[in-house]
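A short write-up of the structure that comes next.
The values are calculated or read from the model by the stated rules, or taken from the named source; none is laboratory data. This structure is a prediction, so every number in the text was calculated from the model and none was measured. Cβ placement follows ideal geometry from the backbone for every residue including glycine, while neighbour counts extend to all protein chains displayed. Just so you know, the surface numbers come from the protein's heavy atoms only, side chains and all, with ligands and any DNA or RNA stripped out. Shrake-Rupley method; radii C 1.70, N 1.55, O 1.52, S 1.80 Å.
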Amino acid sequence: MTSPPRRGNRQRIRAMQAERQRDLMLRSRRAMRWLQPGLVVKRWLLTSGIGLVLALLGAAVWADLQPIYWTLWAIQEALGWITRVMPRGITGPLVLLVGIGLLLWGQSRSFGSIQQALAPEKDTVLVDALRAKSRLNRGPNIVAIGGGTGLSTLLSGLKRYSSHITAIVTVADDGGSSGVLRRELGVQPPGDIRNCLAALSTEEPLLTRLFQYRFSSGTGLEGHSFGNLFLSALTAITGNLETAITASSRVLAVQGQVVPATNADVRLWAELEDGRRIEGESAIGKAPSPIVRLGCLPERPPALPRALEAISQADLILLGPGSLYTSLLPNLLVPELVTAIQRSRAPRLYICNLMTQPGETDGLDVSGHLRAIEAQLASLGINQRLFDAVLAQEAIADSPLIAHYRSRGADPVVCNRRQLMAEGYEVMEAPLQGSRPTATLRHDPRSLALAVMRYYRKHKRDLQSSASQQAAHQ
């Protein structure tokens, strides 16, 4: 009658023992991680240890070496007494193990105290956080140019690979909450900048959710997001949007920097194929006829120095994804940005959208998007190709979701790989929408960032291989 409870007790005991073993293994692995290179901790601990020894030696020399004699005599006497009590074969290993145990225990408690002081509510172990920080600090300098949800999606994926990210964001938005704040307060539209700050934030999710919170009721508040109001208030307090972004970046612990494309009050206009001219970013997004040319007032707006500096130091320059005429091309209306991109020797990659946008890119394939970019630059007197590599979505199979998009006037952006390669483009196709089925067709941050980093690493390997071949010929 008592055997089932005993059997249950044995199973619980085995489960507890297995749990203890797993915990011990986990702690052992974490301890071994401290021995891995790149944490930038061990070298400073060693430096501190050497400094302590030198300081003690200096004090001993100053005291005519008497402390050294006393210390050596005390150690000799203590070791002599210990070896008389216990054999040398037992004493040596025992003292060694006690010393190592005290060292590990002291260091683990020290690092635990540091973690408790810096991040008391975070679950990340300090060694893992240091390893991640070290890996991100070794990441490339990436400049991502664009706006809208496409840029923020890209940034949220890229922050897993580098802490040196600069987002150059269009400030031509005149619709929604940003448009209202722009008209009533005279500030630059904060919406796209807010999305990028939230995407690059490493702070607590609750703070990021607060920044993205949109009021659903309230006279004068409905439709506005907290982040837009926060940035507008900071702009009024600090005097300019750039300083407001810097302050917000500190609050959200932004990994990288977000920079407006210009500090001018830019307003877009577009010439249509039927001869009409429309004004305003929100109207251009619903153009009733194909767009021939894009422009802005004032013409030739100035770029911010931080944006130009980031481009000059970039290891990789990205354009897109995002609305072609309302998120991407407005950045290329800033002549200084275009000149800086031309001068850069970094690889430049255009990331194409998954679907066409009704009223803006109807019927355009990947080639059509690239021709629109080149035509826009040509209208500004620039005939050099800025982006000679393109990342596109691999062919998407028909599905009810595709049929739903087609019923609303959107089609998958087709990539004619052979044609593009014949025109001199480097073409990369990947499953950018991710592997999990979703209710919408949008870029998946992880899949997109992975494809971008594969392109960068391939380009880096090719460059290193070319350099080694040139060195061999010389």
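Among the residues of segment 388-419, which ones are in a loop (DSSP other than H, G, I, E, B) and either touching a Ser or Thr at 6+ places or on another chain (Cβ under 7 Å) or over 30 Å from Val334 (Cα atoms) (or both)?
Of the residues in segment 388-419, the ones in a loop (DSSP other than H, G, I, E, B) are 388, 394-399, 408-411, 413-416.
Within segment 388-419, Glu394, Ala395, Ile396, Ala397, Asp398, Ser399, Arg408, Gly409, Ala410, Asp411, Val413, Asn416 qualify.
Could you say which residue among Ala451, Ala410, Ala378 is among the small types (Gly, Ala, Ser), in contact (Cβ under 8 Å) with a residue 40 or more places away in the chain and under 29 Å from Arg293 (Cβ atoms)?
Just one listed residue meets the conditions, Ala410.
Determine if segment 429-445 includes at least one residue that is hydrophobic (A, V, I, L, M, F, W, C), closer than 23 Å to Gly322 by Cα and at pLDDT below 85. Steps first, please.
Of the residues in segment 429-445, the ones hydrophobic (A, V, I, L, M, F, W, C) are 430, 432, 439, 441.
Restricting the remaining residues to those that are closer than 23 Å to Gly322 by Cα gives 430, 432, 439, 441.
Checking which are at pLDDT below 85 leaves us with 439.
Scanning segment 429-445 turns up at least one residue that is hydrophobic (A, V, I, L, M, F, W, C), closer than 23 Å to Gly322 by Cα and at pLDDT below 85.
What are the residues in segment 345-381 that are closer than 13 Å to Leu324 by Cβ, aliphatic (A, V, I, L, M) and modelled with pLDDT under 90, if any?
None; the set is empty.
Yes or no: Asn240 over 20 Å from the mean Cα position of the chain (by Cα) and either under 20 Å from His164 (Cβ atoms) or not acidic (Asp, Glu) (or both)?
yes
Please go through segment 280-322 and give me each residue that is over 23 Å from Val413 (Cβ atoms) and assigned to a strand (DSSP E or B), ordered by number.
Answer for segment 280-322, where residues must be over 23 Å from Val413 (Cβ atoms) and assigned to a strand (DSSP E or B): Gly295, Cys296, Leu297.
Answer yes if at least one residue in segment 112-134 is among the charged types (D, E, K, R), within 30 Å of Leu197 (Cβ to Cβ), at pLDDT 75 or above and outside any helix (DSSP H, G or I), and no otherwise.
Scanning segment 112-134 turns up no residue that is among the charged types (D, E, K, R), within 30 Å of Leu197 (Cβ to Cβ), at pLDDT 75 or above and outside any helix (DSSP H, G or I).
Any chance segment 249-256 includes a residue that's under 26 Å from Thr208 (Cβ atoms), without any contact (Cβ under 8 Å) to a residue 40 or more places away in the chain, within 21 Å of the chain's Cα centre (by Cα) and surrounded by fewer than 22 Cβ atoms within 10 Å (Cβ to Cβ)?
Checked against the condition, which is being under 26 Å from Thr208 (Cβ atoms), without any contact (Cβ under 8 Å) to a residue 40 or more places away in the chain, within 21 Å of the chain's Cα centre (by Cα) and surrounded by fewer than 22 Cβ atoms within 10 Å (Cβ to Cβ), segment 249-256 yields at least one hit.
Restricting to segment 388-399, name every residue that is hydrophobic (A, V, I, L, M, F, W, C) and under 14 Å from Val452 (Cα atoms).
Selection gives Ala389, Val390, Leu391, Ala392.
Quick check on my filter: what residues within segment 215-245 are hydrophobic (A, V, I, L, M, F, W, C) and open to solvent by 40 Å² or more (accessible area, probe 1.4 Å)?
Within segment 215-245, Phe215, Leu221, Phe226, Leu229, Phe230, Ala233, Ala236, Ile237 meet the criteria.
If only one of Trp62, Trp73 is modelled with pLDDT of 75 or more, open to solvent by 80 Å² or more (accessible area, probe 1.4 Å), over 21 Å from Leu102 (Cα atoms) and more than 49 Å from the chain's Cα centre (by Cα), which one is it?
Trp73
Given the criterion in contact with a His (Cβ under 6 Å, 6 or more places away or on another chain) and under 25 Å from Leu318 (Cβ atoms), identify the matching residue among Thr208, Thr153.
Unique residue meeting the criteria: Thr153.
Output the residue which, of all residues in segment 175-186 that are under 25 Å from Leu154 (Cβ atoms) and out of contact with any His (no Cβ under 8 Å at 6 or more places or on another chain), is most open to solvent (accessible area, probe 1.4 Å).
Looking at residues that are under 25 Å from Leu154 (Cβ atoms) and out of contact with any His (no Cβ under 8 Å at 6 or more places or on another chain), I get Gly176.
Just a yes or no: is a residue in segment 202-209 of a type outside the set (D, E, K, R), surrounded by 23 or more Cβ atoms within 10 Å (Cβ to Cβ) and touching a residue at least 40 places away in the same chain (Cβ under 8 Å)?
No, every residue in segment 202-209 fails to be of a type outside the set (D, E, K, R), surrounded by 23 or more Cβ atoms within 10 Å (Cβ to Cβ) and touching a residue at least 40 places away in the same chain (Cβ under 8 Å).
Kindly evaluate Glu394 against the criterion of being of a type in the set (D, E, K, R) and at pLDDT 95 or above. Spell out the reasoning first.
Working: of a type in the set (D, E, K, R): yes; at pLDDT 95 or above: no.
When the stated conditions are applied, Glu394 does not pass them.
Answer yes or no as to whether Arg385 is open to solvent by 10 Å² or more (accessible area, probe 1.4 Å), modelled with pLDDT of 90 or more and not in a helix (DSSP H, G or I).
Here the answer is yes, as Arg385 does meet what is asked.
Working only within segment 238-279, note down all residues that are acidic (Asp, Glu), out of contact with any Leu (no Cβ under 7 Å at 6 or more places or on another chain) and farther than 17 Å from Cys296 by Cβ.
Glu273, Asp274 - these are the residues of segment 238-279 that are acidic (Asp, Glu), out of contact with any Leu (no Cβ under 7 Å at 6 or more places or on another chain) and farther than 17 Å from Cys296 by Cβ.
So in segment 269-321, with the set limited to residues that are buried (at least 17 other Cβ atoms within 10 Å of the Cβ) and in contact with a Pro (Cβ under 6 Å, 6 or more places away or on another chain), which one is nearest to Leu364 (Cα to Cα)?
Leu316
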